[in-house]
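**Student:** For reference, the structure I am asking about is given below.
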Amino acid sequence: MKRILITGGCGFIGSNFIRHMLKQNPDDRIVNLDKLTYAGNPANLADVEKDPRYLFVKGDIVDADLVKDIFSGQQIDTVVHFAAESHVDRSITGPAEFIRTNILGTFNLLEAAREAWLKTPAPGVDASEKGCRFVHVSTDEVYGSLGETGAFQETTPYDPRSPYSASKASSDHLVSAYFHTYGLPVLITNCSNNYGPYQFPEKLIPLVINNALQGKSLPVYGDGKNVRDWLYVIDHGEAIRTVLHKGRVGETYNIGGNSEKQNIEVVQTICDLLDEKTGKLPGGKDRRSLITYVKDRAGHDRRYAIDATKIRTELGWTPQVTFAAGMEKTIDWYLSNKAWIASVTDGTYREYYEKMYGKS
């Protein structure tokens, strides 16, 4: 049995991962530490709230004393670290919170793990031999921008272009340093763009779905030809679980979906699927007519692509959900959960967690 601390577990990727872990690893116990910022929604995990294997703790990874108390009180032997400020646009207008959470918060987790696993109760005992593991979940954006060909490998030099990616690159280096300096049993994953259920609608896919359902404008940056590799969130969760169980300590694993698409292709796919599933707009207009090109954002990387050869050959993981299948699953979920979209976009979901956990 593992006692796993998952940070940021009320967010999009974290909540999907917790549900996946409870299903796939029934003997494990999970502690979910989440600050409940605007993108952290405990209603995402309402179906597991009463599971005796699950404990939610409302708190900030920047609170070093709280983090240490969780490690000691819950006897944590495993960390999967999702918690991060992650929206590039927000990092451009307000970078300070990204530095605070993504760098200082990661430092606090590393220090707590080092104290719990390397200093007590038996200094000098190899933490990995005790089954301890620290998985740091990062992003392909740390590598910068690609040209028309090639893909990011684990050996690609870092070249972050936004405050968000710079803060994640910093945390990656810090995690790696704790392995080389202290022998902390860390693993790093760098993933491509995720999509799927429960994604906060500031991100491209849920934003477009929500706007398109309401007949609102669909803003596309620049010429719409920026390329991203898209990874279905459940595939990502299984990849992290695979790294947690099989990965070599001290290593980095790139996780990709083998689904490179231009942004405009993604938007057009959503429009066409919604037209097919819900009917066209009033007057018979198709939803592609809602597409509007807007000024490109500062430092907008042109193309990302992941080479996931290492995780495939070493650990046997490959994505199972194609982009076409994943988009259909995603749109079907949003169409079946319009109340969730409404509660998130109008802010009423905060009433739920303020009643349960108090105000932030």
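Coordinate-derived values only; no laboratory data. Predicted, not measured: the structure shown is a model, and the values here were computed from it. Note that we place each Cβ from the backbone using ideal geometry, even for glycine, and neighbour counts take in every protein chain shown.
**Student:** What are the principal axis extents of the Cα atoms in the chain, in Å, biggest first?
**Tutor:** So the extents along the principal axes, rounded to whole Å, are 72, 49, 38.
**Student:** Follow-up. Tell me the Kirkwood radius of the range 1-55: reciprocal of the mean inverse pair distance over distinct alpha-carbon atoms, in Å.
**Tutor:** 11.0 Å
**Student:** On the Cα set of the range 244-354, report Rg and Dmax in Å, please.
**Tutor:** That works out to 19.0, 59 Å for Rg and Dmax.
**Student:** Hey, another quick one. With the cut-off at 13 Å, report for the range 261-306 the share of all Cα pairs above it, as a whole percent.
**Tutor:** Value for the range 261-306: 64 percent of Cα pairs lie more than 13 Å apart.
**Student:** With the Cα gyration tensor of the range 78-209 giving a ≥ b ≥ c as the square roots of its eigenvalues, does the rule (a/c under 1.5 for rounded; else a/b larger than b/c for prolate; else oblate) give rounded, prolate or oblate?
**Tutor:** Prolate shape, in that a/c is at least 1.5 and a/b is the bigger ratio.
**Student:** Quick one: plug the Kirkwood hydrodynamic radius of the range 129-202 (C-alpha pairs) into Stokes-Einstein at 10 °C, 1.306 mPa s, and report D in µm²/s.
**Tutor:** Stokes-Einstein gives a translational diffusion coefficient of 114 µm²/s.
**Student:** If N is the number of residues in the range 191-307, what value comes out of its Cα radius of gyration divided by 2.2 N^0.38 Å?
**Tutor:** 1.23
**Student:** Right, something else. If the elastic network links every pair of Cα atoms under 10 Å, which of Y195, Y38, Y143 fluctuates the most in the Gaussian network model of the chain?
**Tutor:** Maximum fluctuation in the GNM of the chain, among the listed residues, is at Y38.
**Student:** On to the next question. Of D60, D172, D275, which is the most mobile in a GNM of the chain whose springs link Cα atoms less than 10 angstrom apart?
**Tutor:** Residue with maximal mean-square fluctuation among D60, D172, D275: D275.
**Student:** Grab the alpha carbons of the range 226-274, take their convex hull, and tell me the volume per residue in Å³.
**Tutor:** Per-residue hull volume (Cα only) is 74 Å³.
**Student:** What size of dipole, in debye to the nearest 20, comes out for the range 1-159 about its Cα centre when the only charges are +1 on Lys and Arg C-beta atoms and -1 on Asp and Glu C-beta atoms?
**Tutor:** 580 debye
**Student:** Let me ask you something else. By its C-alpha gyration tensor, with a ≥ b ≥ c as the square roots of the eigenvalues, how is the range 292-340 shaped: rounded for a/c under 1.5, else prolate for a/b larger than b/c, else oblate?
**Tutor:** Here the range 292-340 falls in the oblate category.
**Student:** Below 8 Å, C-alpha to C-alpha, sequence gap of six or more: please give me the relative contact order for the range 85-168 in percent.
**Tutor:** RCO, the range 85-168: 42 percent.
**Student:** Another one. Nearest 500 deg cm²/dmol is fine: what mean residue ellipticity at 222 nm does the chain get from its DSSP H runs of n ≥ 4 alone, each adding -39,500 (n - 2.57), divided by its residue count?
**Tutor:** Mean residue ellipticity, 222 nm, calculated: -12000 deg cm²/dmol.
**Student:** From the square roots a ≥ b ≥ c of the eigenvalues of the alpha-carbon gyration tensor of the range 1-108, which class results: rounded (a/c under 1.5), prolate (a/b over b/c), or oblate? Let's see the in-between values first.
**Tutor:** Working: a/c = 2.26, a/b = 1.45, b/c = 1.56.
Note, shape of the range 1-108 comes out oblate.
**Student:** Go ahead and run the numbers for FRET between D126 and K246, Cβ-Cβ distance against an R0 of 22 Å, rounding to 0.05.
**Tutor:** After rounding to 0.05, the efficiency reads 0.75.
**Student:** Of all DSSP beta bridges in the chain, what percent run antiparallel (nearest 5)?
**Tutor:** Taking every DSSP beta bridge with both residues in the chain, the antiparallel ones total about 10 percent.
**Student:** Which one of V294, V142, V79 has the biggest mean-square fluctuation once the chain is modelled by GNM with Cα springs under 10 Å?
**Tutor:** Evaluated over the chain, the most mobile residue of the options is V294.
**Student:** Could you tell me which helices of the chain pass both thresholds, a Cα extent of 27 Å or more along their own axis and a mean Kyte-Doolittle hydropathy of at least -1.0, with helices taken as whole DSSP H runs? It would help to have the intermediate numbers written out before the result.
**Tutor:** Numbers: long enough: 163-182 (28 Å, -0.39).
Both cut-offs are met by 163-182.
**Student:** In a shell of Cβ-Cβ distance under 11 Å around G237, excluding G237 itself, what net charge do Lys and Arg (+1) and Asp and Glu (-1) give?
**Tutor:** So the surrounding residues net to +1.
**Student:** Now for a separate question. List M1, M327 from most exposed to least, where exposure is judged by having the fewest other Cβ atoms within 10 Å.
**Tutor:** Fewest to most other Cβ atoms nearby, the residues stand as M1, M327.
**Student:** Further, regarding this structure: Using alpha carbons only, how many angstrom separate the centre of the range 155-226 from the centre of the range 243-302?
**Tutor:** Using only Cα atoms, the two centres lie 13 Å from each other.
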